Each structure stands twice: as structure tokens, then as C-alpha cells.
Amino acid sequence: MSAEQPEQPEPAEPAEPVARPLPPGLDLLWGRRERGKRGPRPGLSADAIVDAAVRVADAEGLEAVSMARVASELGFTTMSLYRHVASKDELLQLMWNASALGAEQLVLEGDGWRAKLLMWSTIQRDMLDRHPWLTQMPMAAPPLAPNSLHFVERGMAAFDGTGLPDGDRIRIIGLISSYTLSEARMAYDAARAMKQALTTGTEAGQSPAPADLPSFESLLRELIDERTYPHLYRLAGAPENVETSGPADERAEFQFGLDRILDGVEVLIDRTR
């Protein structure tokens, strides 16, 4: 008679991975932290706080946004906001995510990757022009908010069928985003400078028109000589620059740069194929 075999233990169930804790702000956006409970007065929520902060930033610039200013906008005390949003840094993350609302429903149209990516880039620039305070946001790392990642995902999908690996796709998306952000920031800063110049002139009893403000080319003609700066001298003296008054068409300049980036992307795609 054979000895009884010892019972084999049941295989252990694989342990579910433990979710890593997220930084403040991201934990709220990704549902890893419970939203604040309603207080005695209805109407206050994280969404309402973010909407008010965006309104303030659109109207007065990012420097006007503070927890106290947003609380005043909503008619609540500053401390009541902290039940829903932990800090101003967290509020900025929520505002960035709100600026890309609807990205998950975005459908890029056009024939081929270039037309789709052009649409993607134009949407991004339009968003920055609607919310110019985004150009002033601190950015120590790429945005990781859900709406931002939806937008990035749509941009990467525009390359489907090109053979480009995902690593190259995300690099190109980052390059275009950096260029778009830089151009939008310069346009915003130029608009603020012009507004300040007009305001200063009005306070001094003058009424300058935007066309009266000196252009880059007119300042070059005032400052440089042909021997020291031959290329810039020719640029400043070119007929199209001499005859044109007022600021250049900034969006046309943006489009020119974007087309050159896409030209380079086309070379990379051809090389990959």
C-alpha cells in the first residue's frame, strides 16, 4: 500500500499591483483622491473653483489668480476653497486640464498625417490664444492631466500609417508644442507691451495708434549700419519691409515656422519608409 501523497497547496492568487501615490493635483484629476464634501452653502466645488480661476486668468492674467481672489469671485471665504483644492499649485494643474476640455472627443480631419497634424497644431495655438495665461504657467515637467494626455494621444495617432515609431512621434509632438508655446508667448508679450504703450501714451495726453508704434524693421533702420550688419541692413531696407507699416502678421509667421517643422518631419518619415 502506497503512502498517501501530501496535499498540494492551492496556487496563490497573483497580488494586484498597488497603485503608486500621485502628486497633489494629479491624484484629484485621476480620481485617486476623494473630492471635497459640500459645505453648508451649496455651489462650491472643485469644478466651480477652476471655472472661476480660468475666468480671472482670461480677464486679468495669471498673476491675478490667487486663492483669495478666486474665493472673492465665488462669494466664499478663502478657507472654504481649501476643502476642495489643496493649494494654488494644485489649482494651476486643474486650470491647465480645464483648458483642454473636450480633447477626448477631438477628431482630426484631413488627408494624410500632415493635414491632421496641421489641424492639431492650429487647435493648440487657438487654445493658447484664448487662454494666453497658459504661456505663463510654470512647467517643470510635461503635463500629465487627463485632458492634456488625450490631446497628445490624438497628435500621436495622426502619424498612423507612416511607419514612425512611437518614440519619434512623441518627440515631434513635443517639438511642435514647444514651438507653438514659444510663439504664443511672444505674441502675448508683444500684445501686452503694445497695450502698455498705448495706455502710457493716453495717460500722457497722446493718442497713439498701433500702426504708429515702431516695427522691428524701422528700428533696425534707425540703429544699424551696412558695414557692421550687412544681412540685417538688407533686411531692413527690403522694399516689402520699408513699405509695410505696423506689426507683421504674427499668425502668418507662426504658420511659416510650422510648415518648416513639418517639412523636416516629412523627410524623417520618408527616411523611415
From the residues in the range 67-85 that are touching a residue at least 24 places away in the same chain (Cβ under 8 Å) and in a helix (DSSP H, G or I), which one is farthest from Ala191 (Cα to Cα)?
Ser80
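In the list Leu94, Leu144, which residue meets the criterion of being surrounded by 13 or more Cβ atoms within 10 Å (Cβ to Cβ) and not in a loop (DSSP other than H, G, I, E, B)?
Working: Leu144 fails: not in a loop (DSSP other than H, G, I, E, B).
Exactly one residue qualifies, and that residue is Leu94.
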Does the range 77-91 contain at least one residue that is within 30 Å of Ile173 (Cα to Cα) and surrounded by 18 or more Cβ atoms within 10 Å (Cβ to Cβ)?
yes
Within the range 113-121, is even one residue among the small types (Gly, Ala, Ser) and under 30 Å from Glu266 (Cβ atoms)?
yes
Pick out the one residue from Leu118, Leu101 that is touching a residue at least 40 places away in the same chain (Cβ under 8 Å) and in a helix (DSSP H, G or I).
Leu118
Considering the range 155-173 alone, what residues qualify as being part of a helix (DSSP H, G or I) and either modelled with pLDDT under 95 or touching a Phe, Trp or Tyr at 6+ places or on another chain (Cβ under 6 Å) (or both)?
Gly155, Arg169
What is the residue count in the range 147-176 for residues that are buried (at least 20 other Cβ atoms within 10 Å of the Cβ) and among the small types (Gly, Ala, Ser)?
2
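Which of the residues spanning the range 44-66 are free of Cβ contacts under 8 Å to residues at least 24 places away in the same chain and over 16 Å from Leu29 (Cβ atoms)? If you could, list the steps in order and put the result at the bottom.
Looking only at the range 44-66, we keep the residues that are free of Cβ contacts under 8 Å to residues at least 24 places away in the same chain, and these are 47, 52, 55-56, 59-60, 64, 66.
Answer for the range 44-66, where residues must be free of Cβ contacts under 8 Å to residues at least 24 places away in the same chain and over 16 Å from Leu29 (Cβ atoms): Ala52, Arg55, Val56, Ala59, Glu60, Ala64, Ser66.
The values are calculated or read from the model by the stated rules, or taken from the named source; none is laboratory data. All of these numbers come straight from a predicted model, not from anything done at the bench. Backbone-built Cβ (ideal geometry, glycine too); neighbour counts: all protein chains shown.
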